[in-house]
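Let me begin by presenting the structure, written as structure tokens, before commenting on it.
The values are calculated or read from the model by the stated rules, or taken from the named source; none is laboratory data. The model shown is predicted, which means the values in this text are computed figures rather than measured ones. So basically every Cβ, Gly included, is an ideal-geometry build from the backbone, and we count neighbours across all protein chains shown.
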Amino acid sequence: MSPTKTQAHAPLRSLDQRMDALKRANDVRVRRAKLKKDLKEGKVRIEQILGNPPEYVSTAKVIDILMAVPKFGRVKAARFLNTCRISQSKTVGGLSDRQRAELIGLFNSR
């Protein structure tokens, strides 16, 4: 007789909880899209975002935010991250103080 496998299930959520989570996720997406647009247009500086990130940016990948900066593509953003010894999968909220300061310094020196 083979042992039965038990699967871990996520706790059931009510419709209200799911709708609230969906609403929060949509809000974060809209706010990030506006931030990226503002970065492209030069209304917001990347140094401000990295230095004091808003809560909705904390779970965004650093490389995605860097690519919203004018004249930055995937290669240049990756080069900046490699220079600062930051993984491409790192989130803005997960940056250490050293990484944050080094990345801001790199932007200020260019």
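One table, with the values for the structure above:
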quantity	calculated
Where Phe107 falls short, out of the listed (1) at pLDDT below 95; (2) in a loop (DSSP other than H, G, I, E, B)	(2)
Check on Asp38, at pLDDT 95 or above and part of a helix (DSSP H, G or I)	yes
Flag for Lys43 being within 26 Å of Ala25 (Cβ to Cβ), out of contact with any helix residue (DSSP H, G or I) (no Cβ under 8 Å at 6 or more places or on another chain) and either outside any loop (DSSP other than H, G, I, E, B) or not hydroxyl-bearing (Ser, Thr, Tyr) (or both)	yes
The range 12-40: number of residues that are charged (D, E, K, R), within 19 Å of the chain's Cα centre (by Cα) and over 27 Å from Asp97 (Cα atoms)	3
Condition check for Ala68: of a type in the set (Gly, Ala, Ser), touching a helix residue (DSSP H, G or I) at 6+ places or on another chain (Cβ under 6 Å) and surrounded by 12 or more Cβ atoms within 10 Å (Cβ to Cβ)	yes
Close pairs from the range 10-38: first exposed (fewer than 12 other Cβ atoms within 10 Å of the Cβ), partner hydrophobic (A, V, I, L, M, F, W, C) and at pLDDT below 90, Cβ under 6 Å, at least 6 apart	none
